[in-house]
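J.: Got a structure for you, written out below as structure tokens; questions coming shortly.
The values are calculated or read from the model by the stated rules, or taken from the named source; none is laboratory data. Values in this document were obtained by computation on a predicted structure and should not be read as measured data. Neighbour counts run over all protein chains shown; Cβ positions are idealised from the backbone, glycine included.
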Amino acid sequence: KMVNAEEMDLDTAIMKMELSGHNFYIYTDDETETVSVVYRRSSGGYGLLEVSK
């Protein structure tokens, strides 16, 4: 499946993840232009993965 990693900030990505009902959300950070994945931790809170090129 192809995913369009829209450009946005972390707070917007978290909001979109929560609205989608998924446990993760792939996006492009608008400041660093890095593809990133925000995810919900099983212990609570959020984690962040940044993809290096």
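J.: Does any residue in region 1-26 that is among the polar types (S, T, N, Q) come within less than 7 Å, Cβ to Cβ, of a residue that is at pLDDT 95 or above six or more places away or on a different chain, and which pairs are these?
T.: Here the result reads ASN23/TYR39; ASN23/ARG40, each pair linking region 1-26 to a residue that is at pLDDT 95 or above.
J.: Can you find even one residue in region 2-20 that is in a loop (DSSP other than H, G, I, E, B) and at positive phi? Before the answer, list the steps.
T.: Restricting attention to region 2-20, the residues satisfying the condition of being in a loop (DSSP other than H, G, I, E, B) are 2-6, 9.
So of that shortlist, the ones also at positive phi come out as none.
Scanning region 2-20 turns up no residue that is in a loop (DSSP other than H, G, I, E, B) and at positive phi.
J.: Does region 27-53 hold any residues that are over 16 Å from ASN4 (Cβ atoms), aromatic (Phe, Trp, Tyr) and free of Cβ contacts under 8 Å to residues at least 24 places away in the same chain, and which are they?
T.: Selection gives TYR39 alone.
J.: Oh, and also: Considering only region 17-30, how many residues are within 13 Å of LEU48 (Cβ to Cβ) and either over 11 Å from the mean Cα position of the chain (by Cα) or exposed (fewer than 14 other Cβ atoms within 10 Å of the Cβ) (or both)?
T.: The number of residues fulfilling the criteria is 0.
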